[in-house]
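Okay, structure first, notes after.
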Amino acid sequence: MLYLSLEDTQRRIKDRLYNLTDSAPDNLYFAVTSGLIGGGLEEQITDFLTEHSATKLVIIDTLQKVRDSKGSAGKAGMYGNDYDDISSIKRIADGFNIAILLVHHLRKLQDSDDPFNDVSGSTGIIGAADTNFILRRKRSGNAATLLVSGRDVEYQELTLQFNDLVWELVERKNSEDIHKAELPKFLFRVVDFMEHRTEWVGTATELLTEMKEQEVTPNMATKYLGQFAYEVLEPLGIEYRTKRTGKSRLIKFLRRDGDDANDAGIAI
């Protein structure tokens, strides 16, 4: 492994290394200086990989240290320059069939809709990379969340804990796990409510009364059922139908077992 620790000194690297181990492996290499992208860096990495053919990982810490800040503008624009810089490094990774990890900074202002928009620079950076990671943690805390997204990997959220100088995996959630966690818990309480029933008919208010439900209103119950019943109830053999009668809207649940769960819909 080659680690370009470009914001550190040799002494700091040595101190950190010996906090982790008394004997560093012979195939671990460090450097505190390098050329820039388009200014010698690619040739330096290529020469190293040619000389050390067993290398599997190169870490560049940080990306900004190997970029020409004077070239951030120009005909290509910010997006084009960002994309070209990452692509130049990616070509080395693809050519030698190795992983190259670029450490980069986040913006101080966070995007609540898409955390990957927090990456400093344009979307050309995350667009050119095969996989992107966002590490979030409070400055004074030992817990963190690592968000993972990429072309060949499923979106994941990893909960980590920092113990004795090592990040330990506490929990892993994939896209399905995250989606399930976002589903209203009310739907699962409906499943429990229907556990010993084959059929139930009534209004949303009557449903909440019988369920002794206090966390949602009748309007919320109707909304949740309309949005998520097919996704949550149907796979568990609980069919949901609704029909307006006069001034009220009736809800009907019908439990179907076995092959009956695939039958056609019912009318109230």
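Can you name every residue in segment 112-130 that is farther than 18 Å from Glu42 by Cβ, open to solvent by 50 Å² or more (accessible area, probe 1.4 Å) and not in a helix (DSSP H, G or I)? Answer for segment 112-130, where residues must be farther than 18 Å from Glu42 by Cβ, open to solvent by 50 Å² or more (accessible area, probe 1.4 Å) and not in a helix (DSSP H, G or I): Ser112, Asp113, Asp114, Thr123.
When you scan segment 9-40, how many residues do you find that are without any contact (Cβ under 8 Å) to a residue 40 or more places away in the chain and either open to solvent by less than 80 Å² (accessible area, probe 1.4 Å) or within 20 Å of Asp94 (Cα to Cα) (or both)? Matching residues across segment 9-40 total 15. The residues in segment 212-227 that are open to solvent by less than 60 Å² (accessible area, probe 1.4 Å) and closer than 10 Å to Phe186 by Cα can be counted, and the count is 5. Exactly one residue out of Gly150, Gly95, Gly127 is under 19 Å from the mean Cα position of the chain (by Cα), of a type in the set (Gly, Ala, Ser) and under 25 Å from Met1 (Cβ atoms): that is Gly150.
Here Ile178 qualifies as open to solvent by less than 50 Å² (accessible area, probe 1.4 Å) and within 30 Å of Ile238 (Cα to Cα).
Rundown of residues vs (1) within 16 Å of His105 (Cα to Cα); (2) at pLDDT below 90; (3) not acidic (Asp, Glu), yes/no style:
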{"residue": "Thr131", "(1), (2), (3)": "yes, no, yes"}
{"residue": "Arg136", "(1), (2), (3)": "yes, yes, yes"}
{"residue": "Gly141", "(1), (2), (3)": "no, yes, yes"}
{"residue": "Glu154", "(1), (2), (3)": "no, yes, no"}
{"residue": "Glu157", "(1), (2), (3)": "no, yes, no"}
{"residue": "Leu160", "(1), (2), (3)": "no, no, yes"}
{"residue": "Asp164", "(1), (2), (3)": "no, yes, no"}
{"residue": "Trp167", "(1), (2), (3)": "no, yes, yes"}
{"residue": "Val170", "(1), (2), (3)": "no, yes, yes"}
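Screening Gln64 with (1) at pLDDT 95 or above; (2) open to solvent by 80 Å² or more (accessible area, probe 1.4 Å); (3) closer than 17 Å to Ser5 by Cα gives one miss only, at (1).
Yes/no matrix, rows are residues, columns are (1) aromatic (Phe, Trp, Tyr); (2) in a loop (DSSP other than H, G, I, E, B); (3) over 19 Å from Val232 (Cβ atoms):
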residue: Lys173; (1), (2), (3): no, no, no
residue: Phe186; (1), (2), (3): yes, no, no
residue: Val190; (1), (2), (3): no, no, no
residue: Glu195; (1), (2), (3): no, yes, no
residue: Leu208; (1), (2), (3): no, no, no
residue: Glu215; (1), (2), (3): no, yes, no
residue: Asn219; (1), (2), (3): no, no, no
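Looking only at residues in segment 101-111 that are part of a loop (DSSP other than H, G, I, E, B) and open to solvent by less than 60 Å² (accessible area, probe 1.4 Å), the one that is modelled with the lowest pLDDT is Asp111. The single condition among (1) without any contact (Cβ under 8 Å) to a residue 24 or more places away in the chain; (2) open to solvent by 50 Å² or more (accessible area, probe 1.4 Å); (3) in contact with a helix residue (DSSP H, G or I) (Cβ under 8 Å, 6 or more places away or on another chain) that Phe133 does not meet is (3). Applying a threshold of 8 Å to beta carbon distances and a minimum spacing of six or more residues, or different chains, the list of pairs starting in segment 139-164 at a residue that is open to solvent by 50 Å² or more (accessible area, probe 1.4 Å) and ending at one that is among the charged types (D, E, K, R) and part of a loop (DSSP other than H, G, I, E, B) reads Arg151/Asp130; Asp152/Asp130.
The values are calculated or read from the model by the stated rules, or taken from the named source; none is laboratory data. Fair warning: this is a prediction, and the values are worked out from it, not measured in the lab. Don't worry about glycine lacking a Cβ; one is built from the backbone with ideal geometry, like all the others, and counts go over all protein chains shown. Note: areas computed on protein heavy atoms with side chains; ligands, DNA, RNA excluded. Shrake-Rupley method; radii C 1.70, N 1.55, O 1.52, S 1.80 Å.
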